[in-house]
Amino acid sequence: MYRRLLVPLDGSRLAETVLPVAARLGKACGATVFLLHVLERGAPAAVHGERHLRARDEAEAYLAEIASGLRAQGVSVETHAHEVPEGHVPRSIAAHADEEGADLIVLCTHGSGGVHQILFGSVAQQVLSAGNVPVLLTRPPHDGQTPAFQPLRILVPLDRSAFAEKALQPAVDLARLLDASIHLVTVVPTVSTTTGELQAVAQGLPTTTRATLDLQEEETRDYLEGVAERLRSEGVTVSTEVRRGDIPAALADEAAEPDVGLVVLATHGRAGVRAAFAGSVAARLLDRTHVPMVLLRLGER
């Protein structure tokens with residue numbers, strides 16, 4: 001499934017928080033971890049409060065040190081420091097992913113400037129929108145300690161659409177590699193958490209809307225069980241849950257469960273990182289959780 005994992009590093013300890021995830025996936029898949037540093041044209045002297053790598057020999061020495069540590073863990077590693085300074089680092093990362101045949105790009109959001117900025121105006125969104133290579137995003141650990149990447153359950157949010165279900169097979173592949181189970185979740189809004197056109201209807205006809213949403217909850221339980229049975233027939237351990245309320249908040253509650261260690265979600269990368277449901281679920285969910293998230297850029301509906 002994953003044979004080459006591209007890991008861009010800028011020399012900061014924050015960027016290095018992706019390494020446990022890359023190492024775990026690399027060993028599980030038998031994949032090569034490709035460490036990349038792109039020299040930035042006019043780079044600042046510091047990044048994330050630390051010294052910035054601004055020379056190729058400095059970057060090569062840094063990558064060699066990181067590679068040595070990963071190889072000691074039994075991970076296959078290659079390194080590359082891009083020689084020509086780039087004015088557009090995300091575009092260069094995407095180009096390297098194509099050139100190297102990467103199956104997955106592993107990035108830390110860094111958290112500076114807010115997740116909205118990171119996803120919609122910075123590296124992750126631009127890398128994701130440049131092609132079809134999935135991006136695995138991690139958040140910096142809130143306590144400064146990078147935890148081991150050992151997900152017992154993989155959370156897959158669904159909205160009863162065929163588009164959202166495109167995340168199922170990648171999630172199943174990861175579950176098999178990581179010896180994890182799949183947890184399917186759909187969030188049905190309440191009258192007070194409806195959005196868009198339904199919100200206007202709910203304000204005028206709250207009783208009717210409540211009955212409609214209750215019926216939707218019942219139908220959703222049947223839908224999820226149908227999907228789960230299909231996956232179980234393939235030998236996958238699957239659990240399901242229907243939650244009520246605000247979609248990102250409810251999904252964040254699910255992601256906060258102790259055994260959930262990964263989220264897999266389909267997105268529309270070319271129009272910005274929009275989730276499979278109305279609104280910016282991917283960005284809003286990532287803003288509320290520190291669980292790593294695989295975003296699959298699958299184009300427009």
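For E40, what residues show an amide H to amide H distance below 5 Å, using hydrogens built from the backbone and excluding near sequence neighbours?
When sequence neighbours closer than 5 places are left aside, the close amide H contacts are E86.
Once the convex hull of the alpha carbons of the stretch 153-297 is built, what does its volume come to per residue, in cubic angstrom?
Values: hull volume 14.5 nm³, N = 145.
Dividing the Cα hull volume of the stretch 153-297 by its residues yields 100 Å³.
Working out 0.36 nm times the residue gap between D214 and E241, then minus their Cα-Cα distance, what length gain in nm do you get to one decimal?
Taking D214 through E241 to full extension adds about 8.2 nm, to one decimal.
7 Å from Cα along Cα→Cβ at both A148 and Q73: what's the point-to-point distance in nm?
Going by the 7 Å Cα→Cβ label model, 1.1 nm.
A200 to D222: extension gain in nm, 0.36 nm per residue of separation minus the Cα-Cα distance?
Numbers: separation 22, 0.36 × 22 = 7.92 nm, distance 2.75 nm.
Length gained, A200 through D222: 5.2 nm.
For D98 and E257, compute 0.36 nm times the residue count separating them, minus their Cα-Cα distance, and round to one decimal in nm.
53.7 nm
Can you give the FRET efficiency to the nearest 0.05 for D57 and D173, using r as the Cβ-Cβ distance and R₀ = 35 Å?
0.35
The numbers here are math on the coordinates, done by the rules we state, and not lab data. Source: prediction; values computed, not measured. Cβ: placed from backbone, ideal geometry, glycine included. Neighbour counts: every protein chain shown.
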